[in-house]
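In what follows, a single structure is set out as structure tokens and then discussed.
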Amino acid sequence: MPASPLPSIATARRRLLNREISPAELIEELDSTMRALNPRLNAFISWDKEAALAAAAHADLSLPLGGIPLAIKDNICVLGQPTRCASRMLDSFVAPYDATAVTQLRAAGAIPFGRTNMDEFAMGSAGENSAYGATLNPAGEAHAPGGSSSGSAAAVASGMALAALGSDTGGSVRQPASHCGVVGLKPTYGRISRYGLVAFASSLDQIGTMTHSVEDAALLLQVLSGHDAKDSTSSREPVADYTAALRTGVRGLRIGLPQEYLSSGNAPAVSAAIERAATTLREQGAELVELSLPHSEAVVAAYYIIACAEASSNLARYDGIRYGYRSPEARGLDDLYSRTRETGFGAEVKRRIILGTYVLSSGFYDAYYAKAQKVRALVAQDFAQAFEKVDLILGPVAPTPAPLLHDQDRSPLQVYLADIYTVPANLAGLPGISIPCPQGGNLPVGVQLLAPHFGEARMLQAAAALEAAWA
Ligand code: GLN
């Protein structure tokens, strides 16, 4: 692989402002990196250089992200660009509007450039469930980049993108960030508008960022946060100054270490990363506090019941009539629905629709869905009690580093169980960030910090302290 300079948003901003490079030249530079690396890595499934150059011609460098190209996950609408959720079902779909997140990026001067590969409809943990083929992990090409924001993580890690948007329903920003060695931030539920994010499980979905640095994560979050009248679940909570928080350090912060997260089932590299993070935080003046999140055992089951239930309802709209793929062989209405959905969806999406329909069916609703909602409330309560004692929680992102690509030995259940450390934040609506931790292994491993609702500033503050200590 040719060496890539891996420029961050902050470094690209400096080059643009010093007139070392023009916005159009920056697009050309990224385009040639994409042409060199993407045929192998498959991180992008489409990109439109002409549209990006047209935007670059009017770039306003006085804006916070003036002239900065950003990669966007394929499930976030970008006006006039294919938005296919890496699904055959949306093969021919071109977004007729911008997602609010994209509108905000454009208003800050950024240029959407490239649609990143993903697990179909964001369902998966390895990027392998894409109708456009798997993405390779730039940090070890025999390995999966993680998922579902596989392409966003690989694009940033390989230098094909300065930064990218992803979406996180159960870990899809934080886990691929951990596996590829980039920073992945999932904000509090409601912090960033979901308008224009194709719905998977609406009560869990959040747009998040994948960046080279904590500073870039703060820059993007600043632009993306805020209330949106088009998303009734978006919050009116005032937006903090995220960049100002970065240099304040961790002295005096209380950071919780849940005993349930220090399982002997974690890979040695993951345990080493947690130990290193705890030591670094202690050295910087934070106090580490052991605590318990007693319902951790039930989080994966609750998540998959709720996520599949919501998905089965959200994906009912792909009926072959309103948009996207339509089976050409259908005879009659019922046949049109079933053939379209049979060929339009991949195996994992179908598995989830079937599971979701089952848990919502009248005979099983109380046994599964209603119970999962109770577990969800208990998980939120665990965190509320924990955050009475600590400012932040430290834990792993995933039990292992990136798995091998196409590992046939892993059953769907084993894959689901590996989401144990990421889904709690979604169930409770909390913000989380994955920061790459040097731990001596061959593959990247991230550590995760979780914060109370709207505690992003403090979370970024501690993440920046770790990053600075490990630089
Ligand atoms: N791996 C989880 C799942 O498959 C998370 C997906 C996501 O966050 N979009 O549901």
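Taken together, the values in this text are just the output of simple stated rules run on the coordinates, not laboratory data. From a predicted model like this one, the values you see are computed outputs, not experimental measurements. When we count neighbours, we look across all protein chains shown, and the Cβ atoms used for this are built from the backbone with ideal geometry, even at glycine.
Mean Kyte-Doolittle hydropathy of -0.5 or higher plus an axial Cα length of 18 Å or more: which whole DSSP H helices in the chain meet both?
Taking the DSSP H segments of the chain (at least 18 Å long, mean hydropathy at least -0.5), we get 23-41, 268-283, 299-314, 347-360, 371-389, 456-470.
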Q.
Debye calculation, C-alpha points only, no solvent: report log10 I(q)/I(0) for the range 391-449 at q = 0.13, 0.24, 0.27 Å⁻¹, in the same order as the q values.
A. -0.40, -1.07, -1.17
Q) What is the packing order of peptides 405-414, 140-149, taking the mean over residues of other C-beta atoms within 10 Å and listing the highest first? A) 140-149, 405-414
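When only DSSP loop residues count, what GluC sites (Glu not before Pro) in the range 12-111 have their Cβ near at most 15 other Cβ atoms within 10 Å?
When the GluC sites (Glu not before Pro) of the range 12-111 are filtered for loop state and at most 15 Cβ neighbours within 10 Å, 20 remain.
If R0 is 41 Å, what FRET efficiency do you get for residue 406 and residue 203 from their C-beta distance, rounded to 0.05?
Efficiency at R0 = 41 Å is approximately 0.80.
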**Q.** Computed label-point distance, nm, for sites residue 413 and residue 11 using a 7 Å Cα→Cβ extension
**A.** 4.6 nm
Q.
For a quick check of your reading of the filter: which trypsin sites (Lys or Arg not before Pro) in the range 242-291 sit in a DSSP loop and have no more than 15 other Cβ atoms within 10 Å?
A. 251
Q: Give the value in nm², to one decimal: projected area of the alpha carbon convex hull of the range 300-439, averaged over all directions.
A: 12.0 nm²
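How much length is gained if the chain between residue 335 and residue 91 is pulled fully straight, taking 0.36 nm per residue apart and subtracting their Cα-Cα distance, in nm to one decimal?
That works out to 85.8 nm of additional length.
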**Q.** Other-chain or far-sequence residues with amide H under 5 Å of residue 208's (modelled H)
**A.** 166, 167, 168
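Once you have a ≥ b ≥ c as the square roots of the Cα gyration tensor eigenvalues for the range 241-373, tell me rounded if a/c is under 1.5, and otherwise prolate or oblate according to whether a/b is larger than b/c.
On the way: a/c = 3.19, a/b = 2.32, b/c = 1.38.
Prolate is the answer for the range 241-373, as a/c is 1.5 or above and a/b outweighs b/c.
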Q: Estimate the FRET efficiency between residue 469 and residue 60 by the formula 1/(1 + (r/R0)^6), using the beta-carbon distance for r and 22 Å for R0, to the nearest 0.05.
A: 0.05
Q: Starting from the amide H of residue 289, placed 1.01 Å from N in the peptide plane, find each other amide H under 5 Å away whose residue is 5 or more places distant or on another chain.
A: 255, 256, 257
Q | Rounded if a/c under 1.5, otherwise prolate or oblate - the range 184-301, Cα gyration tensor axes | A | oblate
(Q) Full-extension gain between residue 232 and residue 297, please, as 0.36 nm times their residue separation minus the C-alpha to C-alpha distance. (A) 20.2 nm
Q. Can you give the three extents of the C-alpha atoms in the chain along their principal axes, from longest to shortest, in whole Å?
A. 69, 58, 44
Q: Using the charge dipole of the chain (Lys, Arg: +1 at Cβ; Asp, Glu: -1 at Cβ; taken about the Cα centre), state which of 345, 212, 234 has its Cα farthest towards the positive end.
A: 234
Q | Estimated [θ] at 222 nm from DSSP helical runs (n ≥ 4, -39500 (n - 2.57)) normalised by residues in the chain, nearest 500 | A | -11500 deg cm²/dmol
**Q.** the range 1-82: radius of gyration over Cα atoms, expressed as a fraction of 2.2 N^0.38 Å
**A.** 1.12
